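Colleague: Here it is, the structure, as structure tokens.
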Amino acid sequence: MNEKKDNIPAIRHEIDSIDNQILELLKKRLSCAKQVGLLKNEGNRAKWDPLREREIYDRLLKENNDVFPTDALKSIFHEIITTCRLSQKKAEVAFLGPEATFSHLAGVKYFGHSAEYKAADTIDDVFAEVEKGRTSYGIVPVENSIEGAVFSTLDCFMNYKVQICGEVRLEISHNLVCRSGDIQDIQTVASHAQPLAQCREWLRRHLPSVPTLPVFSTGAAAQMAANNPNIGAIASSLAIKTYELQVVVKGIEDYRGNTTRFLVIGKKSPDPSGRDRTSLLIGLMDRPGALNEILTVLSEEDINLAKIESRPIKGKQWKYLFFLDMMGHIRDDKIDRGCQRLKQLCSYFEWLGSYPQADSSTDS
């Protein structure tokens, strides 16, 4: 036993040596990334190459051979890769604020901690920041696995000229928080409408006489709870640290597996990654069978339709636009052919972007 204890300083010394080597290699990798950025500037090439990044992850996972925990390995290299990429050009990201909303968490998950984040008051404001060039990117929720589509986001695609650059899925766990951590102090529960809906049954069973207050974001609810000892908030884990709140109950969502899909919007969609999704906004001709014609084209071109959602056109009664998500990139032959055919059949056609699919295995 004493012999083993005597070995601890030697092992710790070896760990310190390894850490120093890792640090030196990280600095060297950052330097290489900056050199690549300069060469891309000279050739006027895009800063982000999603295919290259996917190849890096695939190679590392193969080399790892399941020795280092897979999810941890992906998380570590995601932060390294995004930090090195952002050294070429710092990303400014607008999100539905204030700080510590799930949109903020999704942004950090996608861009890492090295990006600059700018809180916006509404989803419309996120779109406006990107369209007007005040930020490079925005991140917005588009659908939830339980509550369905986020209609305010879909409607914004009708009003703003932006493109979808990426997506990220975030597993949502709702925490009931307040200043004291005592459920007896809570006289009102505040949160965004969707979290309130996702925790409806829990609230009915455990706080039946406590009213709920919908606000525009979970971060705003957390701010309110921080300023008022009688307000509880349904908020993210990041909000607990940001606003110095206490957890009353963890995981109060009614259904497990609650996941929200977020879209990254910008000015230009990336090149193909080999595993992409394409989003369209279309209007149908005013004739019988118009929707069936669209679906027939997709079937004939062997295109996998992942999502279709209709939204009313403001100011035009009983007129709708449809959001379509297809598996593949606009540069893929069958997607290109299918889109050319759809243009001939649709009264309105807009390509919203082609972008890498979220890696569901890392979204936890």
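Colleague: Does Asp121 fit the bill of being open to solvent by 30 Å² or more (accessible area, probe 1.4 Å) and in contact (Cβ under 8 Å) with a residue 40 or more places away in the chain?
Modeller: yes
Colleague: Could you give me the residue pairs with C-beta distances under 8 Å whose first residue belongs to segment 1-22 and is modelled with pLDDT of 85 or more, whose second residue is open to solvent by 80 Å² or more (accessible area, probe 1.4 Å) and small (Gly, Ala, Ser) wherever it lies, and which are 6+ apart or on separate chains?
Modeller: none
Colleague: From the list Asp336, Asp302, Asp271, which residue is open to solvent by 40 Å² or more (accessible area, probe 1.4 Å) and at positive phi? If you could, list the steps in order and put the result at the bottom.
Modeller: Details: Asp336 fails: at positive phi; Asp271 fails: at positive phi.
Among Asp336, Asp302, Asp271, only Asp302 is open to solvent by 40 Å² or more (accessible area, probe 1.4 Å) and at positive phi.
Colleague: For residues that are part of a helix (DSSP H, G or I) and open to solvent by 30 Å² or more (accessible area, probe 1.4 Å), scanning just segment 203-225, find the one that is nearest to Ala106 (Cα to Cα).
Modeller: Here the residue is Gln223.
Colleague: Still on this structure: Looking at Gly283, is it touching a residue at least 24 places away in the same chain (Cβ under 8 Å), open to solvent by less than 40 Å² (accessible area, probe 1.4 Å), outside the structural domain of Glu129 (by TED's automatic domain parsing) and touching a Cys at 6+ places or on another chain (Cβ under 9 Å)?
Modeller: Yes.
Colleague: Right, here's the next one. So which residues in segment 249-263 are assigned to a strand (DSSP E or B), of a type in the set (A, V, I, L, M, F, W, C) and either open to solvent by 10 Å² or more (accessible area, probe 1.4 Å) or closer than 17 Å to Val177 by Cβ (or both)?
Modeller: Val249, the sole residue that qualifies.
Colleague: Quick one: in segment 71-118, of everything that is touching a helix residue (DSSP H, G or I) at 6+ places or on another chain (Cβ under 8 Å) and among the charged types (D, E, K, R), which residue is farthest from Val264 (Cα to Cα)?
Modeller: Asp71
Colleague: Can you give me the number of residues within segment 48-77 that are among the hydrophobic types (A, V, I, L, M, F, W, C), in a helix (DSSP H, G or I) and in contact (Cβ under 8 Å) with a residue 60 or more places away in the chain?
Modeller: Matching residues across segment 48-77 total 1.
Colleague: Restricting to segment 332-352, count the residues that are free of Cβ contacts under 8 Å to residues at least 12 places away in the same chain and within 27 Å of the chain's Cα centre (by Cα).
Modeller: Residues meeting the conditions: 1.
Colleague: Of the residues that make up segment 176-188, is at least one modelled with pLDDT under 95 and under 23 Å from the mean Cα position of the chain (by Cα)?
Modeller: No: zero hits.
Colleague: Name, by its number, the condition in (1) touching a residue at least 40 places away in the same chain (Cβ under 8 Å); (2) touching a strand residue (DSSP E or B) at 6+ places or on another chain (Cβ under 6 Å) that does not hold for Leu196.
Modeller: It fails just one condition, (1).
The values are calculated or read from the model by the stated rules, or taken from the named source; none is laboratory data. All of these numbers come straight from a predicted model, not from anything done at the bench. Counting neighbours? That spans all protein chains shown, and the Cβs are built from the backbone with ideal geometry, glycine included. Calculation scope for accessible area: heavy atoms of the full protein, side chains included, ligands and nucleic acids excluded. Shrake-Rupley method; radii C 1.70, N 1.55, O 1.52, S 1.80 Å.
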